[in-house]
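Student: Input: one structure, supplied below.
Each reported figure results from applying straightforward, stated rules to the coordinates on display, with no laboratory input. Note that the coordinates shown come from a computational prediction; the quantities given were computed from them, not determined experimentally. Cβ placement follows ideal geometry from the backbone for every residue including glycine, while neighbour counts extend to all protein chains displayed.
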Amino acid sequence: MEKTWRWFGRKDRITLAMLRQIGVEGIVTALHDVPNGEIWTEEAIRDLCSYIESYGMRWSVVESLPVCEAIKYAGPERDALIENYKVSLANLGKCGVKTVCYNFMPVLDWARTDLEHKWEDGTTSLYFDYVRFAYFDIKILAREGAAADFPADIVAKVEELDKVMTDGDRHTLVENIIVKTQGFVNGNISEGDREPVRKFKSLLDLYKGIDRDALRENLRYFLAAIMPVCDEWDINMCIHPDDPPLDKVFGLPRIITSRDDIRWFLGAVDNPHNGLTFCAGSLSAGSRNNVVEMAREFAPRTHFVHLRSCNVLDGGNFIEAPHTAGRANLVELCRIFTREERRRNANGGIGLPMRVDHGKNILGDAEGGYNPGYGFYGRMWALGQVTGMMAAVENELNTK
Ligand code: DNO
C-alpha cells in the first residue's frame with residue numbers, strides 16, 4: 001500500500017519536509033480554505049499539487065470534498081450544489097488527483113466525548129462515553145424526544161450524571177462533541193462560533209422528516225448524478241463510514257455503519273468508481289462488525305484504507321486502541337489489502353493509498369496544539385508500527 005498521511009495544508013505545523021523523513025509517500029489533504037459547496041478551481045488544486053510535489057510526494061487522496069447538508073437532506077439548492085461538486089471533481093481529475101473521500105453523515109461528522117482519555121502509561125486516546133453522549137443530547141441540546149432514543153439504564157445514568165456536572169464540564173462536552181472535532185474537518189461548527197449549540201440545533205431542524213430510507217435515496221441520487229464525471233476522469237469516490245457506527249445520532253439516521261449498509265451502498269450504484277474508504281477504526285467501534293470479514297468482502301471496492309483500531313467496552317463506550325491492539329486486527333488487514341493491491345497491479349490498476357488514522361497523544365503531543373487525533377509523535381509511532389506490519393506481509397507474500 002502507498003503510505004500516506006493526513007496533512008492540513010501549509011498552515012499545518014507538521015511540515016512536508018518532516019513527513020518525507022518518516023517515509024510518507026503520498027499526502028491526504030483538502031483545500032481547507034474553500035467554503036463547503038464552492039468550486040475547487042483547477043488553479044488552486046494545481047498549486048497545491050506542485051507544492052506537495054516539490055517535496056518529493058504526491059497529492060494522493062482528497063479528504064474530504066465535503067458534501068453540503070442540502071445535498072444530504074435534498075434542499076432546493078441540491079442540484080446546483082451537485083453541479084459545483086461535479087466541476088470540482090472534473091478539476092481534480094484534470095490535475096491527476098483521483099481518489100476522493102467524503103462522508104454522508106447528517107450535521108455531525110465523527111463524534112467523541114473525551115479527547116484526552118488517560119492510559120496508565122501517561123499517554124492519552126480519544127474516547128466515546130455513551131452516557132456523556134446521551135447527556136449532551138438530552139440535557140444540553142434538550143432535543144425533543146431524545147430520552148426515548150436511549151435505553152432506560154442510560155437515561156437513568158444521565159440523571160445521575162446531571163447531579164455532578166459543572167458548567168465547566170458541560171462546556172467541555174460541547175467543545176469536544178461539536179466544536180474541536182469538527183471545524184478542522186470542514187464540519188459545520190468552527191472554533192470561535194459564538195453559539196455553537198444553537199447553530200447546531202438549527203442544522204438538525206433542516207432534517208425534519210428525513211428517515212433512513214430518505215437519506216439512502218438522497219445518497220443514491222447524489223452518486224448517480226456524479227458517476228458520469230467520475231467515469232470520464234477515472235475518479236474513485238470513497239465514502240467514509242459513519243463514526244461511530246450507530247443507527248441514529250441526535251435522532252437522525254446513519255446509513256453507512258455495517259456490512260449490510262455497505263452491501264446496500266455498493267449495490268445501489270454498482271459502479272467501480274463508487275467505492276469505500278475502509279476505515280477500520282470507525283467500523284471496529286461497532287460490536288456487530290467483524291472488521292476482517294468486512295475487509296475480505298469489500299476489498300475489491302476499497303479505494304482508500306484508514307488503519308486504526310478500537311476496543312469496545314461495556315455500556316456502549318469505546319476507546320481508540322494502540323494500532324497493534326484492539327478488535328480491528330491491523331496485521332490481517334494489511335495482508336488483505338496488500339493482496340488486493342497486488343491483484344490490481346497485476347491488472348494494471350493503481351496502488352492502494354493507506355493512512356494511519358489518528359494516534360495516541362504521546363511524548364509532547366498534548367502540548368503541540370494539534371487537531372484532536374492528529375498529533376505528531378503518536379501518529380509517527382503508529383506509522384512505524386504499520387510500516388513494520390506491511391514489510392512483514394510483503395515478505396510473507398514474496399516467500400509463498
Ligand atoms: C476524523 C475523520 C473524519 C473523516 C471524514 C471523511 O478523524 O476520520 O472527519 O475525515 O468523515 O469525510
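Student: Using only the Cα atoms of region 1-66, what are the Rg and Dmax in Å?
Tutor: 11.6, 35
Student: Then there's this: Would you please give the FRET efficiency between Ile22 and Asn345, computed as 1/(1 + (r/R0)^6) with r the Cβ-Cβ distance and R0 = 30 Å, to the nearest 0.05?
Tutor: 0.75
Student: With only Lys, Arg, Asp and Glu charged, each at its Cβ (+1 for the first two, -1 for the last two), find how big the charge dipole of region 1-146 is about the Cα centre; round to the nearest 20 debye. Could you put the intermediate results ahead of the total?
Tutor: Numbers: 18 positive and 22 negative charges, 48 e Å.
In debye, rounded to 20, region 1-146 gives about 240.
Student: Can you give the Rg/Rh ratio of region 119-175, where Rg is from the C-alpha atoms and Rh is the Kirkwood radius?
Tutor: Across region 119-175, the Cα-based Rg/Rh ratio is 1.03.
Student: How large is the charge dipole for the chain, taken about the Cα centre, if only the Cβ atoms of Lys, Arg (+1) and Asp, Glu (-1) carry charge, to the nearest 20 debye?
Tutor: Here the chain has a charge dipole of around 740 debye.
Student: For the chain, with a Gaussian network of springs between Cα atoms less than 10 Å apart, report the residue from Lys11, Lys360, Lys201 with the top mean-square fluctuation.
Tutor: Lys11
Student: Moving on. Rounded to the nearest 500 deg cm²/dmol, what is the calculated helix-only ellipticity per residue at 222 nm for the chain, with -39500 (n - 2.57) per DSSP H run of length n ≥ 4?
Tutor: -12000 deg cm²/dmol, from helical runs alone.
Student: How are the alpha carbon pair distances in region 242-400 distributed across 5 Å bins from zero to the largest one, expressed in percent?
Tutor: Taking all Cα pairs of region 242-400, the binned fractions are 2, 9, 16, 20, 20, 15, 11, 5, 2, 0, 0 percent.
Student: Please list, in order along region 179-188, the HN-Hα scalar couplings obtained from phi with the Karplus expression 6.51 cos²θ - 1.76 cosθ + 1.60 (θ = phi - 60°), rounded to whole Hz, x for Gly and Pro.
Tutor: 10, 5, 8, 10, x, 6, 9, 6, x, 6
Student: Sticking with this one: Which of Ala295, Ala346, Ala214 moves most in a GNM of the chain, Cα contacts under 10 Å?
Tutor: Residue with maximal mean-square fluctuation among Ala295, Ala346, Ala214: Ala346.
Student: Report the Stokes-Einstein translational diffusion coefficient (µm² s⁻¹, integer) for region 88-246, Rh taken as the Kirkwood radius over Cα pairs, at 20 °C with viscosity 1.002 mPa s.
Tutor: The calculation lands on 118 µm²/s.
Student: If you take the charge dipole of the chain about its Cα centre, with +1 on Lys and Arg Cβ and -1 on Asp and Glu Cβ, which of Val292, Ser125, Pro253 is farthest toward its positive end?
Tutor: The one lying farthest along the dipole's positive direction is Val292.
Student: Continuing with the same structure: Over the Cα atoms, compute the radius of gyration (one decimal) and Dmax (the largest Cα-Cα distance, rounded to a whole number) for region 329-391, in Å.
Tutor: Here Rg and the maximum Cα pair distance are 14.7, 47 Å.
Student: Dividing the convex hull volume of the alpha carbon atoms of region 148-227 by its residue count, what do you get in Å³ per residue?
Tutor: Hull volume normalised by residue count: 143 Å³.
Student: Take the Cα atoms of the chain, find their three principal axes, and give me the spread along each one in whole Å, biggest first.
Tutor: Result, largest extent first: 60, 52, 39 Å.
Student: Let me ask something additional. Would you work out the Kirkwood radius for region 81-176? I mean one over the mean of 1/r across all pairs of different Cα atoms, in Å.
Tutor: In region 81-176 this quantity evaluates to 16.6 Å.
Student: For Asp243, Asp261, Asp205, which order do you get if you count the other beta carbons within 10 Å of each Cβ and list the fewest first?
Tutor: Asp205, Asp261, Asp243
Student: Can you bin every Cα-Cα distance in region 1-121 into 10 Å intervals starting at zero and give me the percent of pairs per bin, rounded to whole numbers?
Tutor: Computed distribution, short to long bins: 12, 38, 31, 16, 4, 0.
Student: Follow-up question, since we're still on this one. I'd like to know which of Gly373, Val174, Leu108 lies farthest towards the positive end of the charge dipole of the chain, counting +1 on Cβ of Lys and Arg and -1 on Cβ of Asp and Glu.
Tutor: So the residue furthest toward the plus end is Gly373.
Student: To make sure I understand, if each residue's beta carbon is the centre and we count other beta carbons within 10 Å, what order do Lys72, Lys163 fall in, fewest to most?
Tutor: Ordered from fewest to most neighbouring Cβ atoms within 10 Å, Lys72, Lys163 come out as Lys163, Lys72.
Student: Let me ask something additional. Restricting things to Cα coordinates, could you compute the convex hull volume per residue of region 262-339 in Å³?
Tutor: Details: hull volume 6.4 nm³, N = 78.
Taking the convex hull of the Cα positions in region 262-339, it is 82 Å³ per residue.
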